[in-house]
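Data block below; observations after.
The values are calculated or read from the model by the stated rules, or taken from the named source; none is laboratory data. In this text, all values refer to a predicted model and were calculated from it rather than measured experimentally. Note that we place each Cβ from the backbone using ideal geometry, even for glycine, and neighbour counts take in every protein chain shown.
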Amino acid sequence: MRSLLILICLFTLHSLMAQDKSKLIYFADPMCSWCYGFSPELTKVKEQLSDDMEFTMVMGGLRPYNTETMTQLGEFLKGHWSEVNSRSGQPFSYDILQDESFVYDTEPACRAVALMRKIKEEQAFDFFKAIQKAFYKENKNTNLTDTYVDLAGEFGVDPNTFRTAFESDEMKALIKEDFNLSGQLGVSGFPTLVLQHGEKYYLISNGYMKAEQVLGRINQTLQNIASPQD
């Protein structure tokens, strides 16, 4: 039954997207635990999307420029991480929650994704997932430039080029544009998927959701666009 639903959604998506191109916008933060849980589901969604539908990412900024340490947020974060693990099956290492020196600032991780989006947009989502794995599963320090430089090298990006760009004032200003766009569109929670069609925006999902549900909502939204109700 689930396979049939996916096939129906896929057929409808291809038919409607051929008429007028739309864009699926993903508002997220690499250090958002629910975004981490959602990544496998969004991967499935992307695999089913029509080639005519553009996919792009906007870093919403969960806790940019935050100054609280992991130990200060430890119990709060552990509760969220445990729930994400329970619902999604994504693996977590909790050791980093005991690190008194680690400041939970999500701006660097967002800036790294924005830079990869600029260099190799087609690999931005995979890079996003690589940062998630490095933080949640491997407990890498996401405040260190070397963490992102090493990951970028795995994606074929010259380490020195990435380091220079990542630490530049230009990228620090560029990521603020992502944060501002999220605010302008009223996106305050992550993960959030929005479908843009022309100059209109349609909310697809806000929070963790299974791939089949997301595909169904995209399909229904496109049907509504194609056959607007009076």
Item to check | All helices (runs of 4 or more DSSP H) inside the range 53-166 with 1 or more residues being exposed (fewer than 13 other Cβ atoms within 10 Å of the Cβ) | outcome: 70-88, 145-154, 159-166
Next on the checklist: So in the range 189-215, with the set limited to residues that are touching a residue at least 60 places away in the same chain (Cβ under 8 Å) and surrounded by fewer than 14 Cβ atoms within 10 Å (Cβ to Cβ), which one is nearest to M59 (Cα to Cα)?
Outcome noted: G207
Checklist outcome for this item: Filtering the range 74-114 for residues that are touching a Gly at 6+ places or on another chain (Cβ under 8 Å) and over 18 Å from P40 (Cβ atoms) leaves a count of 5
Item to check | Answer residue from the range 169-200, given it is of a type in the set (S, T, N, Q), more than 18 Å from M31 (Cβ to Cβ) and assigned to a helix (DSSP H, G or I) and is farthest from the chain's Cα centre (by Cα) among those | outcome: Q184
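For the range 201-217, which positions are within 17 Å of the chain's Cα centre (by Cα) and in a helix (DSSP H, G or I)?
Passing the criteria: A211, V214, L215.
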Checklist entry - For residues in the range 64-92 being among the charged types (D, E, K, R) and at pLDDT 95 or above, which is farthest from the chain's Cα centre (by Cα)? => result E68
Checklist entry - So which residues in the range 104-124 are touching a residue at least 60 places away in the same chain (Cβ under 8 Å) and in contact with a helix residue (DSSP H, G or I) (Cβ under 7 Å, 6 or more places away or on another chain)? => result Y104, E107, A109, C110, R111, A112, V113, A114, R117, A124
Checklist entry - Out of curiosity, is I225 within 27 Å of S50 (Cα to Cα), in a helix (DSSP H, G or I), of a type in the set (A, V, I, L, M) and at pLDDT below 95? => result yes
Checklist entry - Going by the structure shown, is K172 within 19 Å of I119 (Cβ to Cβ), touching a helix residue (DSSP H, G or I) at 6+ places or on another chain (Cβ under 8 Å) and modelled with pLDDT of 95 or more? => result yes
Checklist outcome for this item: By residue number, the members of the range 77-115 that are polar (S, T, N, Q) and in contact with an Asp or Glu (Cβ under 6 Å, 6 or more places away or on another chain) are T106
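For the range 181-195, which residues satisfy the criterion of being at pLDDT below 95 and in contact with a strand residue (DSSP E or B) (Cβ under 8 Å, 6 or more places away or on another chain)? Talk me through it step by step, then tell me what you get.
So the first thing to find is which residues in the range 181-195 are at pLDDT below 95, and the list is 181-189.
If the condition is that a residue be at pLDDT below 95 and in contact with a strand residue (DSSP E or B) (Cβ under 8 Å, 6 or more places away or on another chain), then L181, S182, L185, V187, G189 are the ones that fit.
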Checklist entry - When you go through (1) within 19 Å of E107 (Cβ to Cβ); (2) under 13 Å from the mean Cα position of the chain (by Cα); (3) not hydroxyl-bearing (S, T, Y) one by one for D126, which number turns out not to apply? => result (1)
